[in-house]
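Shown next, in structure tokens, is the structure this report addresses.
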Amino acid sequence: MEADPQVSIVIPIYNEEENLPELVERIGNVMVASGRSFELIAIDDGSVDGSAAVLGGLAADRLWLQPVLLARNYGQSSALQAGFDRLRGRYVVTLDADLQNDPLDIPDLLDRLDRDDAIDMVSGWRKERKDKALSRRLPSVIANWLISRGTGVHLHDYGCALKAYRREIIDRIRLYGELHRFVPSLARDVGARIAEVPVRHHARVHGQSKYGIDRSFRVTLDLILIIFYMRYRQRPLHAFGGLGLWLAFPGALILGWLLILKIGGEDIGGRPLLLAGVMLLLVGVQLVVSGLVGELLIRIYHEGRGTPQYHVREERQSGTAAARPKR
Ligand code: UDP
Ligand code: MG
């Protein structure tokens, strides 16, 4: 059997037929020149143009190119995940298929991983971004700020698809929905130490962007998901229950107060406060119960599926001299 390549490059593709020949050619040139063994896993995400056929043609005389054609259009995250599920390399590189990222930057990112043992992931930073429209840049500035604040992972540029990782990090995360934008947060969550490196960025020449302004809403929702995921996934009762107590406690006080009045002979049936008290107590108790259900779910997740709730960076067994890296 053939030895595994050192580097696995993953590109998600949706209707990029005009970009593919140049992209594949340039990645090939750069990687061959770098002297590293590599594979290029090209995920066709159900393109409706000729992308799949173009890939087939390109793969004919390039052993390192592995086209994977998905059954339909699943979205960029699932396409990336399909690539991650097939990796063989020790290093993983992702980039977009539209030539906005420059393959020339790949060796820089990999060199950084080679050089710097204290780094598990290198994220591209499009210092001079070539998307002119304000409708693209403004949401991006706001998103970077919000995501940095919300997740505590401070990067200049979350939206850059060009990134390089050590394989262990990729093996620990799974991308669903549109979470590809939050990979640094997810990576941080599984213990990755992240560096940012300035990379080149070009305007899109062929094809169209697959996203419009409505992505801002989805990013906001995903941000809520990620903050919950990073902070409370292991202890959902603290998230739901915390809010629940804040509501239930005043609710109980109000009802207690009304009970005293009632015993004192007052008529409380028509008081708005009664409704408020009942609502607060009811909603609060519901939230605490949701938290408890969450606690059961996370236990089933970890115990039933054998998923560990922690990752070890390095460990040394007593009685042996060698330090051994572990997942
Ligand atoms: N993409 C994909 N599936 C989709 C949408 C996009 O695989 O459903 C790919 C697309 O071909 C490109 C990358 O994801 O390689 C980023 O998409 P795009 O360039 O449209 O995003 P933008 O640069 O505008 O943020
Ligand atoms: Mg693009």
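This table checks each residue for (1) more than 13 Å from ligand 1 (Cβ to nearest atom); (2) surrounded by 18 or more Cβ atoms within 10 Å (Cβ to Cβ); (3) free of Cβ contacts under 8 Å to residues at least 12 places away in the same chain.
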position: ILE13; (1), (2), (3): no, yes, no
position: GLU16; (1), (2), (3): no, yes, no
position: ASN19; (1), (2), (3): no, yes, no
position: VAL32; (1), (2), (3): yes, no, yes
position: SER37; (1), (2), (3): yes, no, no
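Going by the structure shown, is ASP131 within 22 Å of ARG112 (Cα to Cα), among the acidic types (Asp, Glu) and part of a loop (DSSP other than H, G, I, E, B)? In short, no. Restricted to the stretch 83-124, and to residues there that are in contact (Cβ under 8 Å) with a residue 12 or more places away in the chain, part of a helix (DSSP H, G or I) and acidic (Asp, Glu), the residue that is nearest to ligand 2 (Cβ to nearest atom) is ASP105. The test for being closer than 13 Å to ASP96 by Cβ, modelled with pLDDT of 95 or more, away from ligand 1 (no atom under 12 Å from the Cβ) and buried (at least 17 other Cβ atoms within 10 Å of the Cβ) holds for ILE27. Scanning the stretch 186-204 for residues that are on the phi < 0 side of the Ramachandran plot and away from ligand 1 (no atom under 16 Å from the Cβ) yields LEU186, ALA187, ARG188, ASP189, VAL190, ALA192, ARG193, ILE194, ALA195, GLU196, VAL197, PRO198.
Quick grid of which residues meet (1) under 16 Å from GLN6 (Cβ atoms); (2) among the charged types (D, E, K, R):
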site: ALA33; (1), (2): yes, no
site: PHE38; (1), (2): yes, no
site: ASP49; (1), (2): no, yes
site: ALA53; (1), (2): no, no
site: GLY57; (1), (2): no, no
site: PRO67; (1), (2): no, no
site: ASP114; (1), (2): yes, yes
site: GLY124; (1), (2): no, no
site: ARG129; (1), (2): no, yes
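For GLY256, indicate whether it is of a type outside the set (Val, Ile, Thr) and under 30 Å from LEU225 (Cα atoms). No; evaluated as a whole, the condition is false for this residue.
Within the stretch 69-79, does at least one residue satisfy the condition of being outside any helix (DSSP H, G or I), more than 11 Å from ligand 1 (Cβ to nearest atom) and at pLDDT 95 or above? There is at least one residue in the stretch 69-79 that is outside any helix (DSSP H, G or I), more than 11 Å from ligand 1 (Cβ to nearest atom) and at pLDDT 95 or above. Can GLY46 be described as surrounded by fewer than 24 Cβ atoms within 10 Å (Cβ to Cβ), within 13 Å of ligand 1 (Cβ to nearest atom) and under 18 Å from LYS210 (Cβ atoms)? Against the criterion (surrounded by fewer than 24 Cβ atoms within 10 Å (Cβ to Cβ), within 13 Å of ligand 1 (Cβ to nearest atom) and under 18 Å from LYS210 (Cβ atoms)), GLY46 qualifies. For the stretch 223-242, taking the residues that are more than 18 Å from HIS302 (Cβ to Cβ) and buried (at least 17 other Cβ atoms within 10 Å of the Cβ), the one that is nearest to the chain's Cα centre (by Cα) is identified as ILE226. Note on the stretch 142-180: residues that are part of a helix (DSSP H, G or I) and touching an Asp or Glu at 6+ places or on another chain (Cβ under 7 Å) amount to 3. Residues being at pLDDT 90 or above and outside any helix (DSSP H, G or I): count how many of those fall in the stretch 271-308. The total comes to 1. The set of residues in the stretch 205-263 that are outside any helix (DSSP H, G or I) and away from ligand 1 (no atom under 16 Å from the Cβ) comprises ARG233, GLN234, ARG235.
Is there a residue in the stretch 164-185 that is surrounded by 16 or more Cβ atoms within 10 Å (Cβ to Cβ), away from ligand 1 (no atom under 16 Å from the Cβ), of a type in the set (S, T, N, Q) and at negative phi? Yes, there is a match, as at least one residue in the stretch 164-185 is surrounded by 16 or more Cβ atoms within 10 Å (Cβ to Cβ), away from ligand 1 (no atom under 16 Å from the Cβ), of a type in the set (S, T, N, Q) and at negative phi.
In the stretch 280-323, the qualifying residues are those that are of a type in the set (Ser, Thr, Tyr) and closer than 20 Å to HIS238 by Cα, and the one that is surrounded by the fewest Cβ atoms within 10 Å (Cβ to Cβ) is TYR310. Any residue at all in the stretch 206-225 that is out of contact with any strand residue (DSSP E or B) (no Cβ under 6 Å at 6 or more places or on another chain) and over 23 Å from VAL141 (Cα atoms)? Yes, there is a match, as at least one residue in the stretch 206-225 is out of contact with any strand residue (DSSP E or B) (no Cβ under 6 Å at 6 or more places or on another chain) and over 23 Å from VAL141 (Cα atoms). When SER123, SER78 are screened for being among the hydroxyl-bearing types (Ser, Thr, Tyr), at negative phi and in contact with an Asp or Glu (Cβ under 6 Å, 6 or more places away or on another chain), only SER123 passes. Scanning the stretch 230-271 for residues that are farther than 30 Å from ARG188 by Cβ, touching a helix residue (DSSP H, G or I) at 6+ places or on another chain (Cβ under 6 Å) and not hydrophobic (A, V, I, L, M, F, W, C) returns PRO250, GLY251.
The values are calculated or read from the model by the stated rules, or taken from the named source; none is laboratory data. Everything numeric in this text was worked out from a predicted model, so none of it was measured. Cβ coordinates were reconstructed from backbone atoms using ideal geometry, including for glycine residues, and neighbour counts include every protein chain displayed.
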